[in-house]
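As structure tokens, the structure follows; a few thoughts come after it.
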Amino acid sequence: MFDRRDLSSTVAAVRDAHAPDAVALDVGTDFETIPPAAAEDLGLFVDGLDPATYPAEWLPPDAPDALVRYAGSDFTIGMPGDGTVVWSRQTDPPIVLVKKRAEGTPDDFLEFLVAEAFVQIGTGAPEHFLPFFDGAYRELDAVVPLSPADVYQIAAALYDAWLGLQTRETFREWEEAHPALYDAWADAGERLRGRLSTLPRAVARGGTSFAEATEYACSAVKHDLDLPAPFAALDTRAFVEHGSDYGVQWAEKTFEKLDAAGDASGDDARGNGADEDAADE
């Protein structure tokens, strides 16, 4: 199921700079979550396995089943909405996994996604939004008057934005050091730019759910794009410094304003990875 991935000299240089011990593997199938028995085969490529578990009290009673399993004792690698490239610190050293669906991803953008994973590992950030939010996930659930699936999507988007605020400076620096990676990052951003200004109107008219709009806007954060209100408030150093507390406060204030204006949407549809879909257009 797993094979060592050959890295280009450019991506190998990024790995050496940000996550020198990390192991990159190709996965012979697509997955949202790798079955625990198969995940244990990762032990053939790393020195050790360290499955993560999280307190049940972090989760609201109606949390999606996938999130309950992730918090539990099963060795859980990969979650819905993770995209084409997944990374984890539940192994020693950390791993970067490239799904089979990567075969349909443009080469330059796939190089960026793998390099991005090494940069993200190097930030020291948690690998998923649940440990990022900690007990505050229950607070997010309490202030977001939408379905459990939408709360999940918004939480994942907020984590993505928080992480993007910490990685985009590195991506900017690639303009000279790694121009092909920089161009892939910049091109993906340009493909996102068109819909950003229309997101509030699309939510107000019911054409886009609030959760989808949040996912799209938060994908744009790592590309250093100008965001419309209310998402512009996430593009701030205060979000990096205060993390999940800031994210919960943003959600609470945003829904208070949306409810007052009668614009909140309860559409349960999930997005499909705005950043990657835009890059594939």
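The values are calculated or read from the model by the stated rules, or taken from the named source; none is laboratory data. Quantities reported herein were computed from a predicted structural model and do not represent experimental measurements. Cβ placement follows ideal geometry from the backbone for every residue including glycine, while neighbour counts extend to all protein chains displayed. Please note that ligands, DNA and RNA were not included when accessible areas were found on the heavy atoms of the full protein model with its side chains. Shrake-Rupley method; radii C 1.70, N 1.55, O 1.52, S 1.80 Å.
With the convex hull of the Cα atoms taken as the outline of segment 33-180, the averaged projected area works out to 9.7 nm².
In this simple spin-label approximation, Ala233 and Arg101 carry label points 7 Å from Cα along the Cα→Cβ vector, and these lie 3.2 nm apart. Taken over segment 1-78, the percentage of Cα pairs per 5 Å bin, counting from 0 up to the bin with the maximum distance, is 3, 13, 19, 18, 17, 14, 10, 5, 1, 0.
Each pair of Cα atoms in segment 127-239 enters the Kirkwood radius, and Stokes-Einstein at 20 °C and 1.002 mPa s then converts it into a translational diffusion coefficient of 144 µm²/s. Based on the reciprocal of the average 1/r between different C-alpha atoms, the Kirkwood radius for the chain equals 19.2 Å. Just checking the listed ones, Glu215, Glu116, Glu173: in the Gaussian network model of the chain with Cα springs under 10 Å, the one fluctuating most is Glu173. Computed over the chain, the per-residue total of -39500 (n - 2.57) for DSSP H runs of n ≥ 4 gives a 222 nm mean residue ellipticity of -16500 deg cm²/dmol, rounded to 500. Between segment 1-68 and segment 141-186, what's the alpha-carbon centroid distance in Å? When both Cα centres are located, 19 Å separates them. Probe radius 1.4 Å, ligands and nucleic acids ignored: give me the carbon and sulfur share of the accessible area of the chain as a rounded percent. Heavy-atom surface of the chain belonging to carbon and sulfur, 1.4 Å probe: 44 percent. Per residue, the chain exposes 43 Å² of accessible surface when a 1.4 Å probe is rolled over the protein heavy atoms with every protein chain present. This model, with +1 at the C-beta of Lys and Arg and -1 at the C-beta of Asp and Glu, gives the chain a dipole about its Cα centre of some 440 debye. Note on Lys253: lysines with a C-alpha under 27 Å away, same-chain residues under 8 apart excluded, are Lys222.
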